[in-house]
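Remarks on the structure that follows.
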Amino acid sequence: MNCILTINGRGYTAERGSLLIDAASDAGFVLCRGCGGKGICGKCSVLCYGRLHDGISDDGGERYRLACHTVIDGDCSVYITKDALTAIALPTQKDIKPSGDVGIGCAADIGTTTVVVSKYDLKSGKYISSTALENPQRRYGADVISRIEYGIKNGVEPLKDALMQAICKETADAQKVIYTGNTTMLLIASGINPAPLGASPYTSPTLFDSETDGVYYPPCIHSFAGADLVTAILASGMTSKTNTALLCDIGTNGETALWHGGRLYVCSAAAGPCFEGYGIKNGTPAIDGAINAVGEDGMVYTVGGKPAKGFCGSGLIDAAAYLLSKGAIKQDGSMNGSQYFDGVELCEGDVREFQLAKSAIATGIALLLKHSGVAVQDIDTLYLAGGLGSAVNPCSAARTGLIPSELQAKTVQLGNAAAYGAAMMLTDEAAKAEARRIVSLSRYVDLAADDDFTDVFTDNLLF
Ligand code: FES
């Protein structure tokens, strides 16, 4: 049964019994989920009144409630400030190749957390606009594993329907549509249950390069190295050159590819959510007031120049680099008490989380070098992709050991390369052919199966 949910004075229809954080997201108000909806970070707190219940008091009076633990029981009103909303990075506003086709082309980058849909004029190749939204499947689990588990228990339909309701609104006027994303997201989008990825031998029923319901799905490399890595590699152009190059998409799942001697060595490393500002005491997505940079002199910079309220990924990496240079963090990550940046605390537990994440990425790079027989100094270019890859200071990334120091001066930051690579395929058959070639030249390296994994990971925990 539906009811009226009023947000900031405007009425929206919401389903009775739905969680406030999900209903707000459906209405276009994407709230921060700092703890993934566990009710412990307080970042989704909003002022409400009316028919809501959160198990604390259900008198309908005006008070702050955690939207992730509040259920809509009837007509109600909430007030959401700009600060409570999540910012989603949009892709580079770059044109694609013109074509003989007339109409609109859409490329959708389906991330586990966010979805970005970009529109292009097919004839001129001109970029028109982008829309970013939260992946509505978040209500069924925060990460890929929980979506797979949900699919095993409940089937793929609820996951697919939630996603399609959001994407189809954006692509309704398009003549051509391409989806990119990790293998699980593409399986769900095409209506295939991702359940096989949740049990040995973890094999995807398809690796795509196919069309379903008028939508083209680019090829994936492996169950855990998806089309988003392929389209990011395509956008970088690295496989059309003869030199040696490394591409790293730094995020919750760090996907890395090494191009050498006509072969592509690929791996996927679970870095956890700290680069997205989650799982650390004062972490935040890159919203206004997020500390996104710390200078060598300790100067603090924030998004929008607003008062500092927490660390986003790039700020966390800079802060750790600064404290290392001051000797306030020791080689093993220990600290003599917390440190403060414009009054915002960074504690030893945060540094520990960061160590785990940076070691995951660094270990992926080290093992790809081992499997390819390439020495780090022989790499000509390091491409950093994804939202954080574009924002991180390469100097701090090298100082903390996230990337090898030899590559600091060879770094090229690409922005949302996965989305742009998918867009290239809208008008260029040669781009599709190159994506197939990328997959055919790829060799997936299973990090956990490598005998050296534990030793290398432990070494990389150190600064
Ligand atoms: S308390 Fe709601 S997302 Fe953390």
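The values are calculated or read from the model by the stated rules, or taken from the named source; none is laboratory data. All figures in this text were calculated on a predicted structure; none of them were measured in a lab. Counting neighbours? That spans all protein chains shown, and the Cβs are built from the backbone with ideal geometry, glycine included.
Suppose we filter the stretch 418-455 for residues that are touching an Asp or Glu at 6+ places or on another chain (Cβ under 8 Å) and either surrounded by 20 or more Cβ atoms within 10 Å (Cβ to Cβ) or at pLDDT below 95 (or both); how many remain?
So the count comes out to 6.
Restricting attention to the stretch 24-34, and to residues there that are assigned to a loop (DSSP other than H, G, I, E, B) and either at pLDDT 75 or above or within 13 Å of the ligand (Cβ to nearest atom) (or both), which single residue is nearest to V115 (Cα to Cα)?
V30
Show the residue pairs meeting these rules: Cβ distance below 8 Å; 6+ apart or different chains; first residue within the stretch 447-463 and under 9 Å from A366 (Cβ atoms); second residue in a helix (DSSP H, G or I) and basic (K, R).
Partner pairs satisfying both residue conditions: D452/K370; N460/K358.
Just checking, how many residues over the stretch 309-357 are assigned to a helix (DSSP H, G or I), among the polar types (S, T, N, Q) and closer than 24 Å to F457 by Cβ?
So the count comes out to 2.
Any idea which of G50, G37, G11 is within 22 Å of the chain's Cα centre (by Cα) and either in a loop (DSSP other than H, G, I, E, B) or away from the ligand (no atom under 16 Å from the Cβ) (or both)?
Selected residue: G37, the only one of G50, G37, G11 that is within 22 Å of the chain's Cα centre (by Cα) and either in a loop (DSSP other than H, G, I, E, B) or away from the ligand (no atom under 16 Å from the Cβ) (or both).
Of L414, L441, which residue is in contact (Cβ under 8 Å) with a residue 60 or more places away in the chain, farther than 29 Å from Y127 by Cα and not basic (K, R)?
L441
What is the number of the single condition among (1) within 16 Å of the ligand (Cβ to nearest atom); (2) touching a Leu at 6+ places or on another chain (Cβ under 7 Å) that C76 does not meet?
Only one criterion is unmet by C76, namely (1).
For residues in the stretch 57-73 being more than 13 Å from the ligand (Cβ to nearest atom) and part of a loop (DSSP other than H, G, I, E, B), which is surrounded by the most Cβ atoms within 10 Å (Cβ to Cβ)?
Going through the qualifying residues, I end up with G60.
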